[in-house]
Amino acid sequence: MSDGGTSRSEEPASSPLLRRSLTAAGLPTTGRFTAKGGWVSRAWVGDEYVVRLSNGPARDAYRHEAAVVDLLSGSDVPHARHIAHGDGPDGSWYVSERLPGRTLHEAWPTADESTRRSLIESLGTALSALHRVPVPSDLLPPWLSDALAGAPWPAYHPPVVQATLQQVEAAGRMPGRDAGLLAEIANWVEERLPLFADDDPVLVHGDLHGSNVMVDDGRVTGLIDFAEAVAQPADAELDTILRWCARSREFPPTPAHQGLDPSTLAEVPGWLRGAYPGLFEREHLRERLQFYDMYVELAIAAHHPEADVRSASWDRVARLLSGHDHLDALTW
């Protein structure tokens, strides 16, 4: 649910949508703001504040984000302070402080190797702090709770271990599915569920990639967009990061832009391991990461509205059953 994007234009705060959101937040409607595109919202970046306006597909996403950001107060996690949020005639809105710098996605192409390594090491430190923040064990975005209960899916991540068999069942309700294949998938999932039996859930960002990390002067200034944050095992975070590294073309900041060249991210897993070794130390890590991947692919195969996207996910499910996935292309 990234809101990161390249600037479109500068708009005065008298822009009606922006002005109404600032007024609702009790903030001045003066100054200039840069409008930015996003997947699920519009955003305006000012000198002090960032204002986002949702297009509404994810119920209570901003309320959830505000609650998660409140958990970060007083921690060592770099993040944007929550100013205000609410619902108005234009939809849900959220105001946060503006962090220094720009997104990791924007900074990466022109950064030299030393700067890139420093950025990833700083990210590792930030993630280690995030995963130490006390979190309710049942933390789940309201929109994801709705989706798991049968409502439409506005997004397809993060993985929720305990709901994986549910995704197998959902995939089985799609027309033309092979019963034998579905039984094989269910057996595959059931054999691996015991890998997670002793896990203690931590606060997982849930959508961590280049557009949701702010950086400046070789360091991370903040993790942003906590609308998908969940209580899950820590290596669920690693799953998303490694998928971004291997398939970064599929993570553009907006539908109109391109993702990063995956060859430029080849060193990221090794740098991250050096900064946050505990993220890589779980027993049976490769099998656990494949399990998370299976969840994501099944959710897409069962719920995505586009047939070609669902078909591509079934192809990746078949590769997982044969022991292969995007991790084959990484050195980690």
(request) Report the relative contact order of the chain, percent, no decimals, based on alpha-carbon pairs under 8 angstrom and at least 6 residues apart. (result) 20
(request) Kindly identify the range 201-249 as rounded, prolate or oblate by the Cα gyration tensor criterion: order the square roots of the eigenvalues as a ≥ b ≥ c, call it rounded if a/c is under 1.5, otherwise compare a/b with b/c, prolate if a/b is larger, else oblate. (result) oblate
(message) Tell me the carbon and sulfur percent of the accessible area for the range 81-150, rounded to whole percent, probe radius 1.4 Å.
(response) 46
(message) With θ taken as phi - 60° and the coefficients 6.51, -1.76 and 1.60, list the Karplus ³J(HN,Hα) couplings across the range 104-114 in order, rounded to whole Hz; mark glycine and proline as x.
(response) 4, 4, 6, 7, 4, x, 9, 6, 7, 4, 5
(request) Starting from the Cα-Cα distance between Ala111 and Ala151, subtract it from 0.36 nm times their residue separation and give me the gain in nm to one decimal. (result) 10.2 nm
(request) Inverting the mean 1/r over all pairs of different Cα atoms, compute the Kirkwood radius of the range 165-223 and quote it in Å. (result) 15.2
(request) Measure nothing fancy, just the Cα-based angle from helix 285-303's long axis to the longest principal axis of the chain, in degrees from 0 to 90, nearest 10. (result) 80
(request) For the range 177-300, just say rounded, prolate or oblate: build the C-alpha gyration tensor, square-root its eigenvalues into a ≥ b ≥ c, call rounded for a/c under 1.5, and beyond that prolate if a/b exceeds b/c, oblate if not. (result) prolate
(request) Name the residues whose placed amide hydrogens come within less than 5 Å of the amide hydrogen of Gly46, ignoring near sequence neighbours (fewer than 5 apart) on the same chain. (result) Thr34, Val51
(message) If each DSSP helix of 4+ residues adds -39,500 (n - 2.57) and the sum is divided by the residues in the chain, what number results at 222 nm, nearest 500 deg cm²/dmol?
(response) -11500 deg cm²/dmol
(request) First check a/c for the range 70-144, with a ≥ b ≥ c the square roots of the eigenvalues of its C-alpha gyration tensor; if it is under 1.5, answer rounded, and if not, answer prolate when a/b is larger than b/c or oblate otherwise. (result) oblate
(request) Determine the per residue accessible area of the chain with all protein chains present and a 1.4 angstrom probe, expressed in square angstrom. (result) 43
(request) Only residues of the range 140-180 count here: report those whose backbone N is under 18 Å from the spot 7 Å along Cα→Cβ of Glu190, or say none. (result) 162-173, 178-180
(message) Give me a comma-separated list of calculated 3J(HN,Hα) values for the range 67-84, in order, Karplus coefficients 6.51, -1.76, 1.60 applied at θ = phi - 60°, integers in Hz, x for any Gly or Pro.
(response) 5, 5, 4, 4, 5, 7, 4, x, 8, 8, 7, x, 7, 8, 4, 6, 9, 6
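The values are calculated or read from the model by the stated rules, or taken from the named source; none is laboratory data. None of these values were measured; they are calculated from a predicted model. Quick reminder, even Gly has a Cβ in these numbers, built from the backbone with ideal geometry, and neighbours come from all protein chains shown. Surface areas here come from the heavy atoms of the whole protein model, side chains and all, with no ligands, DNA or RNA. Shrake-Rupley method; radii C 1.70, N 1.55, O 1.52, S 1.80 Å.
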